[in-house]
Amino acid sequence: MNNESVRIGVVGELGVGKSELVHQLCHQNTPAAGVASDLAGPTVDVLDFARPHGRGGMWVEFVVLPSETRHQRSRQMLYSFGLDALFLVCSCSSPRSFLRATEWIEEAASAENILSVPVALILGGPQYIDWKSSSTLAKLVETLAERCSAEILDLSGYSSAPAMEPKQRHLLSEFYEKTYRS
């Protein structure tokens, strides 16, 4: 099998749903509560992504980077080992996750090979939240996206449904393609 591949680092505050998101993307189901944990250190999962329009397959490797302070050296090592993109995961129901997100981006940017990779600001959380209807949340999201040069991917509500909405999967598909081309 000769599939192309991309490697995406997944960062964010403890408890925002990084591991749950990756599990759902790769296995297309929601894991049981407590199955994935940030405390375990870096984890890797792989998605066999069928590219649209018969363009073959692509391996999307997700490296979930632990958010605990004690894992800073592990994160620096993973940043330096060659990521093609970053998912910055924030929870729409936790404004604190947006405030800490700036720290994650600054930390990642300190690794020189991360400076030019595509960044997706993943809006997650257990329930769907229309972030544009809240002026406070909209300002947090837009400011962070601008500061990180990130594409906003609204995936909120992904953990409350057995499968992501087609619109959400389409946003991810476009990001994978963009990452592959860059």
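The values are calculated or read from the model by the stated rules, or taken from the named source; none is laboratory data. This one's a predicted model, so the numbers in the text were calculated from it and none came from an experiment. Positions of Cβ are backbone-derived with ideal geometry, glycine not excepted, and every protein chain shown enters the neighbour counts. Please note that ligands, DNA and RNA were not included when accessible areas were found on the heavy atoms of the full protein model with its side chains. Shrake-Rupley method; radii C 1.70, N 1.55, O 1.52, S 1.80 Å.
With segment 57-154 as the region, which helices (runs of 4 or more DSSP H) entirely inside it contain at least 3 residues that are closer than 21 Å to HIS23 by Cβ, at pLDDT below 80 and open to solvent by less than 90 Å² (accessible area, probe 1.4 Å)?
Qualifying helices (runs of 4 or more DSSP H): 72-80.
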*Within segment 46-54, is there a residue that is within 19 Å of GLY9 (Cα to Cα), at pLDDT below 75 and open to solvent by 50 Å² or more (accessible area, probe 1.4 Å)?*
no
_Looking at segment 15-35, I want the residues that are charged (D, E, K, R) and have a partner that is modelled with pLDDT of 85 or more and in a helix (DSSP H, G or I) with Cβ atoms under 6 Å, at least 6 apart or on another chain. Which pairs are those?_
none
_Selection count, segment 155-170, where residues are assigned to a helix (DSSP H, G or I) and either modelled with pLDDT of 90 or more or open to solvent by less than 10 Å² (accessible area, probe 1.4 Å) (or both)_ = 1
*Has segment 19-41 got any residue that is more than 25 Å from ARG181 (Cα to Cα), in a loop (DSSP other than H, G, I, E, B), at pLDDT 75 or above and open to solvent by 10 Å² or more (accessible area, probe 1.4 Å)?*
no
